[in-house]
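This report refers to the structure that appears directly beneath it.
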Ligand SMILES: [Zn+2]
């Protein structure tokens, strides 16, 4: 989702670095290879425009590690980000919610990643049918609305998506729930899409020449007619690796 590449290029099969070791990736499979993320490439392409690029993540051990931030805390000028908040409390605390909102400065050009892991935690703790999980979705939705409201004067492109669904094969699991959603105000023309398409859609919106990137981007812009997809090379995975989402066990 953050690169436009599949696991055969990035080596990332889970967001937990300790679980990305088979088969060996370009960089050993620990984190995203340097220079591959949409954040680094947007920063590089628009360097003279000085975009403000901020990441604020709710799961340091998953998303933070995968993006190269191995410690908790706030980091500056690393891996494409001006600011990267790797605290991880996200929307689960009022402090986390306030920080999310503070980072959303409505001063273009900006490029923000707001990731929350609270709903996933409630899923694992209480189950997909629980009131706690339902409330966590409402909380995430409320914060998303507050962020959008704060940014609305600059009319930003907004993409809201997730890495997986929940509830299979037990109510507190997402072992076999690959389907998710994507909501955006971009003029997308495809309804069948994959996570790998998110980054090239952003590149397309920003008029970046993503078709010339090396290695070649594997996803497709959702703002263009459906392409003929060439399946990525298949890799035999162990039973434990055949999971969707961030926790390969
Ligand atoms: Zn989970």
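The values are calculated or read from the model by the stated rules, or taken from the named source; none is laboratory data. Keep in mind that what you see is a predicted model, and the values were worked out from it rather than measured. Here the Cβ positions follow ideal geometry from the backbone for every residue, glycine too, while neighbour counts run over all protein chains shown.
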- Task: Taking residue 81 as the residue in question, decide whether it is within 16 Å of the ligand (Cβ to nearest atom) and either at pLDDT 95 or above or out of contact with any strand residue (DSSP E or B) (no Cβ under 8 Å at 6 or more places or on another chain) (or both).
- Result: no
- Query: Hey, residue 139 hits all of (1) within 14 Å of the ligand (Cβ to nearest atom); (2) buried (at least 17 other Cβ atoms within 10 Å of the Cβ) but one; which does it fall short on?
  - Reply: (1)
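In this structure, does residue 204 turn out to be without any contact (Cβ under 8 Å) to a residue 40 or more places away in the chain and either part of a loop (DSSP other than H, G, I, E, B) or under 26 Å from residue 11 (Cβ atoms) (or both)? Lay out the reasoning, then the answer.
On the way: without any contact (Cβ under 8 Å) to a residue 40 or more places away in the chain: yes; either part of a loop (DSSP other than H, G, I, E, B) or under 26 Å from residue 11 (Cβ atoms) (or both): yes.
Judged against the criteria, residue 204 is a match.
Specify which of the listed residues (153, 157) is closer than 27 Å to residue 101 by Cα, modelled with pLDDT of 95 or more and either part of a loop (DSSP other than H, G, I, E, B) or within 16 Å of the ligand (Cβ to nearest atom) (or both). Working first, answer last.
Working: 153 fails: either part of a loop (DSSP other than H, G, I, E, B) or within 16 Å of the ligand (Cβ to nearest atom) (or both).
One residue alone meets the criteria, 157.
Within the stretch 113-136, how many residues turn out to be away from the ligand (no atom under 14 Å from the Cβ) and in contact (Cβ under 8 Å) with a residue 60 or more places away in the chain?
Residues of the stretch 113-136 away from the ligand (no atom under 14 Å from the Cβ): 113-114, 129-132, 134-135.
Subset that is in contact (Cβ under 8 Å) with a residue 60 or more places away in the chain: 113.
Selection size over the stretch 113-136: 1.
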- Query: Can you pull out the residues in the stretch 160-186 that are under 20 Å from residue 63 (Cα atoms), within 16 Å of the ligand (Cβ to nearest atom) and surrounded by fewer than 12 Cβ atoms within 10 Å (Cβ to Cβ)?
  - Reply: 179
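When you look at residue 72, is it assigned to a loop (DSSP other than H, G, I, E, B) and either over 20 Å from residue 216 (Cα atoms) or modelled with pLDDT under 85 (or both), yes or no?
Details: assigned to a loop (DSSP other than H, G, I, E, B): yes; either over 20 Å from residue 216 (Cα atoms) or modelled with pLDDT under 85 (or both): yes.
It is true that residue 72 is assigned to a loop (DSSP other than H, G, I, E, B) and either over 20 Å from residue 216 (Cα atoms) or modelled with pLDDT under 85 (or both).
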- Does residue 146 satisfy the criteria of being away from the ligand (no atom under 15 Å from the Cβ), modelled with pLDDT of 95 or more, under 22 Å from residue 63 (Cβ atoms) and in a helix (DSSP H, G or I)? yes
